[in-house]
1. At a Förster radius of 41 Å, what calculated FRET efficiency corresponds to the Cβ-Cβ distance of ASP26 and ALA152, to the nearest 0.05?
2. In terms of solvent-accessible area of protein heavy atoms at a 1.4 angstrom probe, what is the ranking of MET122, MET22, highest value first?
3. Along the charge dipole of the chain, Cβ charges K/R +1 and D/E -1, which of GLY140, LEU210, ILE81 sits furthest on the positive end?
4. Over the stretch 104-234, what relative contact order in percent results from Cα pairs under 8 Å that are six or more residues apart?
5. What angle, in degrees between 0 and 90 and rounded to the nearest 10, separates the Cα long axis of helix 5-23 from the longest principal axis of the Cα atoms of the chain?
6. Please give the helix 79-93 orientation as an angle from the longest Cα principal axis of the chain, in degrees from 0 to 90, rounded to the nearest 10.
7. Counting only protein heavy atoms, what percent of the accessible surface of the chain is carbon or sulfur at a 1.4 Å probe?
8. On C-alpha positions alone, give me the angle between the axis of helix 144-154 and the longest principal axis of the chain, in degrees, nearest 10.
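The values are calculated or read from the model by the stated rules, or taken from the named source; none is laboratory data. All figures in this text were calculated on a predicted structure; none of them were measured in a lab. Quick reminder, even Gly has a Cβ in these numbers, built from the backbone with ideal geometry, and neighbours come from all protein chains shown. Note: accessible area is taken over every heavy atom of the protein model, side chains too, but ligands, DNA and RNA are not part of it. Shrake-Rupley method; radii C 1.70, N 1.55, O 1.52, S 1.80 Å.
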Amino acid sequence: MGVKNSDRFIVAYNRIEKTLSMKVDDNGYLPFYRLIDKAKIKNSVVRKYEDDLREFGDLRNAIVHHRTDIDYVIAEPHDDIVERIEEIEQRLSNPLSVGALFGCKVHTLQASDHLTLALRMMRDNKFSQVPIYEEGKFKGLITAAGITYWLAGQSTEDSISREIPTLSTVYNYEKRKESFEFVEKDLSVYEADDYFKRAISRGTRLEALLITENAEPDEDLIGIITPFDLLRIR
């Protein structure tokens, strides 16, 4: 006889409860719904699945508190419910990191490089921004918007300047020079999503999250995340 869905559900539920208790440093005295309330303040995965977790709490109570004997439960969860709670338990216990999902070779340029090099790189790779460095230090992002602002600044009534600028010159035309944040490679992908949402709530917009080992600008870039990239996890 196979394992019943109710037993699988309870095992996953208990693991979630233990994980939440560890996240809020609780000794096991808080009710499940209070664990959710406390954990969601700082944990993006809990915030993402809050509604599911509360429904799981109600279902768990129906299963546990309404048993009439060992082999009988009043609510036997469907397969999709069991699969859902097991999936969420895994995401809470082992959240997918930005380094694992978005880590890749990062194409960078020097501030002294000419605009044509950046345009070619952006065209060939379908990039919307390119990180630039100056004297070994991160300087900023060259974006499609910045290039457009530079181009507009060069135009006259009848013509556009044919002089090819350096990326350092183009960078001076970037309107939002702080349109990025550095994040550590172990950051949860759901927390990364929150970075973009928080920026919007402040009335700003992030172009990218730049991944390094410990979120330090002087470390090697090991990945870049744009808002479009995160559509795959929403």
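1. On the way: r = 56 Å, r/R0 = 1.38.
According to the calculation, E is roughly 0.15.
2. Details: MET122 20, MET22 140 Å².
Listed by decreasing accessible area, they come as MET22, MET122.
3. Working it through, the farthest residue towards the positive pole turns out to be GLY140.
4. Numbers: 183 pairs, mean separation 30.1, N = 131.
RCO, the stretch 104-234: 23 percent.
5. That works out to roughly 60 degrees.
6. 60
7. Working: 6850 of 14000 Å².
For the chain, the apolar C and S fraction of the accessible surface comes to 49 percent.
8. Result, in degrees: 20.
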